[in-house]
Amino acid sequence: MNFLPQIPWKKKRWLLATAALLLLLLLRPGKAGRLEVTVEQPLRTTLIESVPASGLIRPVVEVKITPDVSGEIVDIYAKEGDQVRAGDLILRIRQDLYLSQVDRASASLGTLRAQYTRQRAEAHQARINCERAQLLFEQSAVSTAELQRAKTELEIAQSSLKAAEFAVRSGEAQLKEARENLLKTSLYAPIDGIISHMEVEKGERVVGTSQMSGTELFRIADFSRMEVTVEVGESDVVRIETGDSVRVEIDAYPRRSFRGKVVQIANSAKVANFGVRIELLPDSLKFLPGMSAAVTILTDRRDSCMSVPVGAVFTRNRETCVWVAGPGDAARLRSVATGIQERDRIEIREGLSETDQVVTGPPEAISLGISEGRKLKLSAKRH
């Protein structure tokens, strides 16, 4: 049997709210209604602003080699990991087809040159005949029609000679192209470096760049210069400049830190991120392509600047503010101008003095619990 009186819902809700408020007042820390907070005076410190990112190590210079001609690979003279010098022969494509093309082009050129020689002789003879006809015409020994026929034959002979000359030039170009294609069956190293990838094997057929994009044969990289490519967001990329110093940590070398510098920043974004190239400064240790690296790009530095914990700063009504303990330990809202920021501390350029007691915690008190004039119980010593 229920002995409690039936209370209307609205009145019940009011009673519950009152009870909750009383419980909050009873359990609130501090004495005499004071809110317990921690405070700290601004410190003079050195702040280094940075942008963290991660990426993979790769060579600064890596050349992909594709053939200009198609065919079967008959010889490979180096393997992946070999050190090569510019001009070293790496592999060769079967030359039979290209040798026959050179022979055909050479034979065709010989025929064209013979035709040119014959056309030149005919043009020379036509010129002599025309000159003779002109002389006889002046002596009234030949008719006008005969003179005109001689001139027409000369024009035809000269046109045929020009056509033969063009044919010879075309034949020479074809022979030159055939010889170049023959030379292109041998692939040489374009730079000094290490063969970082060998994509083909002996006996494999490859496609030249004259057909589509061509088959990638191998890559040569200069391992003496390595870089890390990372992606950063649009809010961070505006703080990065070419030449910024970078601290690099590589998983393969724990508890070691390496140096680098920013050498290039992308002008456009890929899926809201901007690519940043960081060249590693020379080191005695060996860096290999594909190693993972965490980088810290040092974008700014302030020596002996006034700073407070990051958690003490918040935004209210579009202004950057902090709470300070005023006379009588009453809370006072103070607008400040901030500068660079580290992970835990932020620079204060204006709005505070070194003797101010800045409220640093707890976070819920800073964001919601403190109001202007609220009495505070300070748990940190005044400096």
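Residues in the range 243-252: is at least one of a type outside the set (A, V, I, L, M, F, W, C), assigned to a loop (DSSP other than H, G, I, E, B), touching a residue at least 12 places away in the same chain (Cβ under 8 Å) and under 17 Å from Val51 (Cβ atoms)?
Yes: the range 243-252 contains one or more residues that are of a type outside the set (A, V, I, L, M, F, W, C), assigned to a loop (DSSP other than H, G, I, E, B), touching a residue at least 12 places away in the same chain (Cβ under 8 Å) and under 17 Å from Val51 (Cβ atoms).
Would you be able to say whether some residue in the range 335-350 is under 30 Å from Leu56 (Cα atoms), of a type in the set (Lys, Arg) and in the same structural domain as Ala252 (by TED's automatic domain parsing)?
No, every residue in the range 335-350 fails to be under 30 Å from Leu56 (Cα atoms), of a type in the set (Lys, Arg) and in the same structural domain as Ala252 (by TED's automatic domain parsing).
Going residue by residue through the range 215-222, is there one that turns out to be within 19 Å of the chain's Cα centre (by Cα), assigned to a strand (DSSP E or B) and among the acidic types (Asp, Glu)?
No, that holds for no residue.
Of all residues in the range 133-145, how many are surrounded by 13 or more Cβ atoms within 10 Å (Cβ to Cβ) and either outside the structural domain of Leu175 (by TED's automatic domain parsing) or assigned to a helix (DSSP H, G or I) (or both)?
Final tally of qualifying residues: 4.
Does Ala337 meet the test of being without any contact (Cβ under 8 Å) to a residue 24 or more places away in the chain, touching an Asp or Glu at 6+ places or on another chain (Cβ under 9 Å) and either within 29 Å of Val230 (Cα to Cα) or surrounded by fewer than 17 Cβ atoms within 10 Å (Cβ to Cβ) (or both)?
On the way: without any contact (Cβ under 8 Å) to a residue 24 or more places away in the chain: yes; touching an Asp or Glu at 6+ places or on another chain (Cβ under 9 Å): yes; either within 29 Å of Val230 (Cα to Cα) or surrounded by fewer than 17 Cβ atoms within 10 Å (Cβ to Cβ) (or both): yes.
Yes.
Criterion first (in contact with a Gly (Cβ under 8 Å, 6 or more places away or on another chain), within 30 Å of Val262 (Cβ to Cβ) and not aromatic (Phe, Trp, Tyr)) does Val61 satisfy it?
In short, yes.
Residue by residue through the range 234-268, note down the ones that are surrounded by 14 or more Cβ atoms within 10 Å (Cβ to Cβ) and over 20 Å from Leu288 (Cα atoms).
Hits for the range 234-268 are Asp236, Val237, Arg239, Ile240, Asp244, Ser245, Ile265, Ala266.
Here are some conditions: (1) in contact (Cβ under 8 Å) with a residue 40 or more places away in the chain; (2) under 58 Å from the mean Cα position of the chain (by Cα). Gln119 meets all but one. Which one does it not meet?
Status for Gln119: all satisfied but (2).
Scan the range 268-277 and give yes if some residue there is under 21 Å from Val60 (Cβ atoms), at pLDDT below 95 and outside any strand (DSSP E or B), otherwise no.
No.
The values are calculated or read from the model by the stated rules, or taken from the named source; none is laboratory data. Not measured: the values here are computed from a predicted model. Positions of Cβ are generated from backbone atoms using ideal geometry, with glycine treated the same way; all protein chains shown enter the neighbour counts.
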